[in-house]
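S.K.: Submitted below is the structure of interest, expressed as structure tokens.
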Number of protein chains: 4
Amino acid sequence: MGFSYSYIVRFRDTDAAGVVYFANILNICHEAYESSLAASDIDIKEFFTKPIVAFPIVHADVDFFRPIFCGDILIIKMIAKKLGNDKFEINYEIFAQNMLASKANTKHVCIDASTRKRTDLPGYIISWLDNLG
Amino acid sequence: MGFSYSYIVRFRDTDAAGVVYFANILNICHEAYESSLAASDIDIKEFFTKPIVAFPIVHADVDFFRPIFCGDILIIKMIAKKLGNDKFEINYEIFAQNMLASKANTKHVCIDASTRKRTDLPGYIISWLDNLG
Amino acid sequence: MGFSYSYIVRFRDTDAAGVVYFANILNICHEAYESSLAASDIDIKEFFTKPIVAFPIVHADVDFFRPIFCGDILIIKMIAKKLGNDKFEINYEIFAQNMLASKANTKHVCIDASTRKRTDLPGYIISWLDNLG
Amino acid sequence: MGFSYSYIVRFRDTDAAGVVYFANILNICHEAYESSLAASDIDIKEFFTKPIVAFPIVHADVDFFRPIFCGDILIIKMIAKKLGNDKFEINYEIFAQNMLASKANTKHVCIDASTRKRTDLPGYIISWLDNLG
């Protein structure tokens, strides 16, 4: 069913061109991802600080259709999908004033945080994927 | 009466020491400031993008009492005060788990955005200061 | 023949996982782009602050092959290519210790900065593209 | 003797007001600090990633005298001073076109990175302080 997240564009997100700095859209997407994890009862502090398994991003892409300004209220719609035993992807659509302003995709692999070797997705991520599918 | 703002610490706020990167606390304070302006019916997009008058920060200081982690839910308590006809300051207290984790202060001057010369605080900022005092 | 840029990874580039935060690789690529413009005698301040024509990014993608750490000395190799009268792309390869750690691509369109309508690439960008091809 | 560092202002340092975003000046100061540590033969990766002792910032302040623009070439002059057995401070002066544009101060304590308890400054920091005094 996916996950929906609302974000107000902040001054620190902008650049001297007067709009959101391109790479910061990926920060906003990542914030939506963090919020979706918390909504699945995952402890964000444990997940991102000294975890046993981690989910580093191996690919990201982003397309920009309209400029986004400080103060804009964005709606980020997320869908996530399993890509194998140790990999998943997230698709993001970012709307401003009901118009698609940007879309993005991130691909994540599951690794053992101490050895950095690939490992199977744990149960709590499978559940999160079920919610976000 | 002041203004109170809640913020969830994001992964992008952290650094390789596993806690919030020091300068990012000022971003979080600025976000509380933006939210307080919006709560006073100030148009954030106009205020920060091509404004007629602007309020650049001429001083900032921040003290850190406890480390802040990804996922921490912060409460930022703000009080603002007029410092003359063309200047104001904001005091911020940042709480994590009901303990004071950090405090900060920013001083802002009012300038004509095209000439960058000092000018008197406009009525909407006086009203905002009245609410935040 | 392309352009080569060296970058030392900074503490602010990292996150609580102990490595460079994914979106910050795009900041490092953009810094290489800025440096290549300066090397073609383009005035960076004019180019990015109140320009007549601007070159917003309409697409970016990035792949990550190896974690990058604070203090790592990166070599960024750039090649740029015209994609039509009003568009160009840049390919970036990011090396750490002589190994490919990441690669990225950005696509830029040329717009009139006041109307935001598409316009032809100006001569100084054609020259820059000739140097970076 | 102090330490001097040169920095070219990047697009990502700016905000929609067309100048450097206030908190980013502290990033630039921190970059000068990192460079001074490297100049004292300190391994930056070890220092900032999983260190035995760490030097978190407990206070920062910054004053802004002139706007700083994308492309500006800054000179950062640093002086550091021991403040006791487990504490030091750094004073930064930031010049643009030979004029003082900003100054900043950071205070750091020395802690055991695993227990987060205060501990004496190690020899390599004493040597660095001797160079930066």
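The values are calculated or read from the model by the stated rules, or taken from the named source; none is laboratory data. Model, not experiment: these values are computed from the prediction. Note: ideal-geometry Cβ built from the backbone for every residue, glycine included; neighbour counts use all protein chains shown. Calculation scope for accessible area: heavy atoms of the full protein, side chains included, ligands and nucleic acids excluded. Shrake-Rupley method; radii C 1.70, N 1.55, O 1.52, S 1.80 Å.
S.K.: In degrees, nearest 10, range 0 to 90: what is the angle between the Cα axis of helix C:24-39 and the longest Cα principal axis of chain C?
M.R.: Compared with the principal axis, the helix lies near 50 degrees.
S.K.: Let me spell out the model: positive unit charges on the Cβ of Lys and Arg, negative unit charges on the Cβ of Asp and Glu, origin at the Cα centre of the protein assembly as shown. What dipole size does that give, in debye rounded to 20?
M.R.: 0 debye
S.K.: Once the principal axes of the Cα atoms of region D:59-133 are found, what is the range along each, listed largest first in whole angstroms?
M.R.: Ordered largest first, region D:59-133 gives principal extents of 42, 23, 19 Å.
S.K.: Round to a whole number: what % of the accessible area of the protein assembly as shown belongs to carbon and sulfur, probe 1.4 Å?
M.R.: Whole-percent figure for carbon plus sulfur exposure: 52.
S.K.: Here is a follow-up. Once the label point is set 7 Å along the Cα-to-beta-carbon vector, what list of distances in nm do you get between A:F65 and its counterparts in the other copies?
M.R.: Result, one decimal in nm: 3.4, 4.8, 4.9.
S.K.: Considering the dipole of chain B built from charges on the beta carbon (Lys and Arg +1, Asp and Glu -1) around the Cα centre, which of B:Q97, B:F65, B:A54 is farthest to its positive end?
M.R.: B:A54
S.K.: Run through the other copies and list how far each one's label point is from that of C:D43, in nm with one decimal, shortest first; the point sits 7 Å from Cα along Cα-Cβ.
M.R.: 3.2, 4.7, 5.7
S.K.: Would you work out the charge dipole size for chain D about its Cα centre, treating the Cβ of every Lys and Arg as +1 and the Cβ of every Asp and Glu as -1, and quote it to the nearest 20 debye?
M.R.: 220 debye
S.K.: State log₁₀ I(q)/I(0) for region B:2-79 at q = 0.15, 0.21 Å⁻¹ as given by the Debye formula over alpha-carbon point scatterers of equal weight, solvent excluded.
M.R.: Once normalised to I(0) and log-transformed, intensities are -0.62, -1.05.
S.K.: Still on this model: Rounded to whole Å, give me the distance from the Cα center of region C:84-125 to that of region B:92-125.
M.R.: For region C:84-125 versus region B:92-125, the Cα centre distance is 37 Å.
S.K.: If I take all pairs of Cα atoms in the protein assembly as shown, what percentage of them are more than 30 Å from each other?
M.R.: When every Cα pair of the protein assembly as shown is considered, 50 percent fall beyond 30 Å.
S.K.: Another question, if that's okay. Computed over the Cα atoms of chain B, what is the convex hull's projected area averaged over all directions, in nm²?
M.R.: Taking the Cα atoms of chain B, their convex hull projects to 8.2 nm² on average.
S.K.: Additional query: Every other copy gets compared here: list the nm distances from the A:N105 label point (7 Å along Cα to Cβ) to its counterparts, shortest first, one decimal.
M.R.: Spelled out, the distances from A:N105's label point are 1.2, 5.2, 5.3 nm.
S.K.: Add -39500 (n - 2.57) for each DSSP H run of 4 or more in chain C, then divide by its residues: what number comes out at 222 nm, to the nearest 500 deg cm²/dmol?
M.R.: Calculated at 222 nm, the ellipticity per residue is -7000 deg cm²/dmol.
S.K.: If you don't mind, another one. Can you tell me the orientation of helix C:123-132 relative to chain C, as the angle in degrees between its alpha-carbon axis and the longest Cα principal axis, to the nearest 10?
M.R.: 30 degrees
S.K.: Could you identify the residue of C sitting closest to the C-A rotation axis by Cβ and state that distance rounded to whole angstrom?
M.R.: Of all Cβ atoms in C, the one closest to the rotation axis yields C:D61, 2.
S.K.: Okay, next question. Can you tell me which of D:V20, D:V58, D:V109 moves the most in a GNM of chain D? Springs connect C-alpha atoms under 10 Å apart.
M.R.: So, out of D:V20, D:V58, D:V109, the one fluctuating most is D:V58.
S.K.: Please find the FRET efficiency linking A:N105 to C:E46, where r is the Cβ-Cβ separation and R0 is fixed at 35 Å, and quote it to the nearest 0.05.
M.R.: Computed FRET efficiency for A:N105 and C:E46: 0.50.
S.K.: Then there's this: Return the distance in nm (one decimal) between the two label points of a simple spin-label model at A:A39 and A:I79, each offset 7 Å from Cα along Cα→Cβ.
M.R.: 1.5 nm
S.K.: Here's another thing I want to ask about it. Give me the summed buried accessible area for the D-C pair, 1.4 Å probe, to the nearest 100 Å².
M.R.: Summed over both sides, the interface buries about 1800 Å².
S.K.: Follow-up. So, in Å, what gap is there between the alpha-carbon centers of region D:38-80 and region A:1-59?
M.R.: Result: 26 Å between the Cα centres.
S.K.: Using Cα springs under 10 Å in a Gaussian network model of chain D, which residue among D:S35, D:S102, D:S114 shows the largest mean-square fluctuation?
M.R.: Per the Cα network of chain D with a 10 Å cutoff, D:S114 tops the list.
S.K.: Which of A:K82, A:K107, A:K117 ends up with the largest GNM mean-square fluctuation for chain A, with Cα atoms connected below 10 Å?
M.R.: Taking springs between Cα atoms under 10 Å, the residue moving most is A:K117.
S.K.: Set the bar at 24 Å for Cα to Cα. Now go through B:K50/B:K103; A:K77/A:K107; B:K45/C:K107; C:K45/D:K107; A:K87/A:K117; B:K87/C:K50 and name every pair that lies beyond it.
M.R.: Over 24 Å apart, Cα to Cα: B:K50/B:K103; B:K45/C:K107; C:K45/D:K107; B:K87/C:K50.
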